[in-house]
Amino acid sequence: MKYWCLFILCIKILPSFSQNGQGYFHDYKNSFYVFDKGIERQAESYPVTKIYSGNDYVAYTDSKLSFVYYYNGYKEVLEENLPNKVVATTTSLVYQMQERLMICEKGDQKQLSKRSALFYASDSIVIWQNLPSLDYIAYENGKIKTIIKATTFSVINDYKIGNNIMAFNDLNYNLKIFFKGEIYESDNSRITNYNCAHNIVAFVDEYKNTFNVFSNGKFKILSKEIIKEYYVSNDMVSFVDAKDNFYIYYDETLTKIDSRAPDYFFAKGNILYYSYNSELKIVYEGDIYSQPLILQQSIIAGNNSLLFYNNINSPKYFYKGKVYDRFYVQKPYTMELKEDLPVFKYNNGIGFLYEGKIHEFSMRTN
């Protein structure tokens, strides 16, 4: 079981991690480069368009309008024409060519379906409706499985997916969960307010006045009153109840954080952050870290990271329990995250913060 502990970031000593995320840029000659784990690699000598990226890949349209995939220093043409639809998740690239559904993960390309209608992709699962059967199909862990067979044109009423999980209302408006190849039936119906993340689903039952969670194959009631607000992140749910109590559910344990609602809270991926009196609290893997005097509007969230300004308007970067703040960035600049990779853009250049060091490159000025 995890224990909730408070640590000050500046004194906690943790090992260094290589960040998730791929950077990219056009240099002053308009050649296209990928910033790949600390190394810049020229992918094209000409400009490219329609760029997609994840933790370890970049896809783009080249000057010939071919759809190209870059991974681990190598590139390949996936299609000679543009796909109908592309979804770039952190771990895989999923796209549709007419009705053909394809996935690229760890450098390997695979066909999921010869004929498909709508599809939805997340980190560890792809859901689509097969043609002509209209069955709902799932791909996860390298395997394809039918979730629900179609008996009429309508199959389910609505659904949402998280990293490796799917929640849906069937034709009778009963809420069901597809998780690790199995379907779990709840005793809840007509659920309209629900969300998913890795291993977890949270939902509001307005008829029973309960706030519920599905976690590790079990349904639980977290509150017997309608709550005010909630977020679902990987393996975790945070919420404010009707009496303004702030709770976090993690590792099958419900913990009351405070009897006051936070000034704000937000969750994404493995990160939850909230604030009381301008003190930023970051929750990561069961531990709570603290940073004083942080403005909400400066915070940018990744799946395992936060990028924000400190109280003297300098950038700071939190990644998997460690903070980086001793780096110099040219001014003026804008900042963003590509997955968990900080990117700083200047008037004539770009910088990537990788393992505590800024890597800068010149860019063409428009």
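Read the figures in this text as sums done on the coordinates, not as results from a lab. In this text the structure is predicted, and so the values were computed from the model without any measurement. When we count neighbours, we look across all protein chains shown, and the Cβ atoms used for this are built from the backbone with ideal geometry, even at glycine.
This model, with +1 at the C-beta of Lys and Arg and -1 at the C-beta of Asp and Glu, gives the chain a dipole about its Cα centre of some 240 debye.
Taking Lys145, Lys331, Lys322 as the candidate residues, the one with maximal mean-square fluctuation in a Gaussian network model of the chain, Cα springs under 10 Å, is Lys331. In order along the range 29-46, the Karplus-derived 3J(HN,Hα) couplings, from 6.51 cos²θ - 1.76 cosθ + 1.60 at θ = phi - 60°, round to 8, 6, 6, 9, 10, 10, 8, 10, 6, x, 10, 8, 10, 6, 8, 9, 8, 10 Hz, and Gly and Pro are given as x. The residues packed around Phe67, meaning those with a beta-carbon under 15 Å from its beta-carbon, carry a net charge of 0 if Lys and Arg are +1 and Asp and Glu are -1. Placing unit charges on the Cβ atoms of the charged side chains and taking the dipole of the range 78-178 about its Cα centre, the candidate lying farthest along the positive direction among Met102, Ser133, Ser116 is Ser133. Rounded, prolate or oblate: which one fits the range 75-191, using the alpha carbon gyration tensor with axes a ≥ b ≥ c (rounded when a/c is under 1.5, else prolate when a/b beats b/c, else oblate)? It comes out prolate by the Cα gyration axes. Residues whose amide H falls under 5 Å from that of Asn310, counting only those 5 or more places apart or on a different chain, are Lys316, with hydrogens built in the peptide plane.
The residue list Ser53, Ser186, Gly217 was ranked by how far each Cα lies along the charge dipole of the chain toward its positive end, using unit charges on Cβ atoms, and Ser53 comes out on top. Sequence-ordered 3J(HN,Hα) estimates for the range 261-270 from the Karplus curve with 6.51, -1.76 and 1.60 and θ = phi - 60° stand at 5, x, 4, 6, 8, 7, 9, 7, x, 9 Hz, glycine and proline given as x.
Projecting the Cα positions of Tyr250, Asn195, Phe318 onto the charge dipole of the chain (unit charges on Cβ atoms of Lys, Arg, Asp and Glu, taken about the Cα centre) puts Phe318 furthest along the positive direction. In the chain the Cα-Cα distances spread across 20 Å bins starting at 0 as 26, 53, 21, 0 percent of all pairs. Mean projected area of the convex hull spanned by the Cα atoms of the range 254-331, taken over all viewing directions: 5.5 nm². Once both labels are positioned 7 Å from their Cα atoms along Cα-to-Cβ, the gap between Asp158 and His359 label points is 4.3 nm.
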